[in-house]
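Every number here is computed from the coordinates shown, using simple stated rules; none is lab data. None of these values were measured; they are calculated from a predicted model. Please note: Cβ atoms are built from the backbone with ideal geometry, for glycine as well, and neighbour counts cover all protein chains shown.
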Amino acid sequence: MAVTLKDVAGRAGVSRSAVSRTFTDGASVSARTRAKVEAAAQELGYAPNALASSLTTGRTKLIGLIANNFHNPLILEVFDLFTRGLQDRGLRPLLVNLSGASDPAASVRMLRQYSVDGVIVASSTLPPSFARAFRSAALPVVHAFGRHSLAPDVHVVGIDNVACGRIAAETLIRRGYQRVGFLGGPESATSTQDRAAGFLRGLAGAPVSVSYAADYTFDAGRAAMQRLLQTTPAEAYFCGDDLLAVGALSAIQDTGLSVPSDIGLLGLNDMEMSRWQNIGLTTIRQPVAAIIGAAIDLVVATIETPDLAPEARLFPCEVIERQSLRGFS
């Protein structure tokens with residue numbers, strides 16, 4: 001039979017309320033009593049019931065972790081860092097798949113059913129209306145990888161996608177490319193819109209082709225490049241995501257052309273596969289770990305201080321040189 005709080009109290013020679021206080025964050029208990037209770041719990045193999053504790057504290061320690069693009073391998077790194085980071089803080093991640101979701105109100109109802117203490121939206125493609133809906137429902141929320149704003153409605157942590165687009169343009173210009181193209185993800189995604197806008201500004205009127213893939217996936221990037229290769233392709237493309245770039249690389253190689261001799265490719269994210277020897281993608285690194293750490297800090301701070309004013313935290317990106325653009329040494 002399961003070891004109960006009563007069993008621990010009997011072994012430690014204290015009251016059941018003393019055992020309860022020992023395992024309740026912030027509750028008052030003497031050092032001597034705490035030591036006796038913890039020793040008894042260890043001897044008996046007792047662990048406090050999380051659900052029972054939530055009834056006492058009013059907190060479930062559940063954090064809704066929301067994403068919507070499970071076809072992109074980057075989500076595995078994101079979930080790994082988020083789940084470990086939350087667990088290290090004594091919190092419990094509740095993974096929620098919102099692929100294809102279009103109703104923010106339905107998402108709010110679902111998260112409320114689990115009595116989550118807070119929500120992290122980990123997506124660059126979910127509309128900002130989802131994060132705003134959680135805030136309107138008085139749920140502490142942080143939008144990780146969301147669209148930057150000088151006056152955000154909710155906490156936003158991520159990169160300046162417009163600046164990344166400008167960095168991409170400057171990188172291709174320095175390499176001597178004259179006919180360049182932008183191959184973005186879904187045109188409706190704010191991350192795509194901002195990266196395209198920054199890229200066009202950085203080119204300052206130079207000739208550029210703009211095209212979009214159906215999604216941030218390998219297959220979508222490959223299909224988009226196959227269409228581009230049916231006409232006269234650009235000399236180099238800034239792909240709005242590494243996975244798009246890898247799909248484009250596959251399509252280029254299938255035609256007998258090579259990267260970077262015939263067509264150059266520049267990605268964004270610095271996913272693990274970008275470092276693989278057979279890919280070697282030059283890319284703009286997004287500091288994923290730093291963004292996730294800041295998102296966790298902010299959701300914890302907002303749980304403690306619900307009226308905390310929304311803020312935007314930006315992290316700089318950098319170009320990682322590999323061999324998919326000419327001039328690499």
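The figures follow:
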{"item": "C-alpha long axis of helix 104-113 to longest principal axis of the chain, angle in °", "result": "30"}
{"item": "Point-to-point label distance, E170-D219, nm (Cα→Cβ direction, 7 Å offset)", "result": "3.8"}
{"item": "Electrostatic dipole magnitude of segment 15-135 [Cβ: Lys, Arg +1; Asp, Glu -1; Cα centre; debye, to 20]", "result": "500"}
{"item": "Summed side-chain charge close to V162 - residues other than V162 whose Cβ falls under 11 Å, Lys, Arg +1, Asp, Glu -1", "result": "+2"}
{"item": "FRET efficiency estimate (nearest 0.05) - Cβ-Cβ, L314 to S15, R0 35 angstrom", "result": "0.10"}
{"item": "Dipole of the chain [Lys/Arg +1, Asp/Glu -1 at C-beta], most positive-end residue of I284, S102, A234", "result": "S102"}
{"item": "Packing-based exposure ordering (other Cβ within 10 Å, fewest first) of C164, C317", "result": "C317, C164"}
{"item": "For R92, distant residues with modelled amide H under 5 Å away", "result": "L62, I63"}
{"item": "Rough spin-label spacing in nm, given labels placed 7 Å along Cα→Cβ, for D307 and V210", "result": "4.3"}
{"item": "Charge sum, other residues only, whose C-beta stays under 15 Å from H71's C-beta, Lys/Arg counted +1 and Asp/Glu -1", "result": "-4"}
{"item": "Residue order, fewest to most beta carbons within 10 Å, for I173, I75", "result": "I173, I75"}
{"item": "Rounded to the nearest 20 debye, dipole of segment 161-285 from Cβ charges on Lys, Arg, Asp, Glu", "result": "380"}
{"item": "Selected from R34, R222, R147 as most flexible by GNM, with the chain as the system and alpha-carbon contacts under 10 Å", "result": "R34"}
{"item": "Spatial separation of Cα centroids for segment 235-285 and segment 99-144, in angstrom", "result": "33"}
{"item": "DSSP loop chymotrypsin sites (Phe, Trp or Tyr not before Pro) with at most 15 other Cβ within 10 Å: longest gap in the chain", "result": "115-275"}
{"item": "Leading residue at positive end of dipole, the chain (Cβ point charges), from M225, I296, V8", "result": "V8"}
{"item": "Fluctuation leader among A151, A133, A245 - the chain, Gaussian network, Cα springs under 10 angstrom", "result": "A151"}
{"item": "Note, ³J(HN,Hα) from phi for segment 285-294, Karplus 6.51, -1.76, 1.60, rounded to Hz, x at Gly and Pro", "result": "7, 9, x, 4, 4, 5, 5, 5, x, 5"}
{"item": "Förster-model FRET efficiency, 22 Å R0, A106 and A197, C-beta, rounded to 0.05", "result": "0.10"}
{"item": "Pair S261, E38: separation of 7 Å Cα→Cβ label points (nm)", "result": "6.6"}
{"item": "Summed residue charge, Cβ within 14 Å of P140's Cβ, Lys/Arg positive, Asp/Glu negative", "result": "0"}
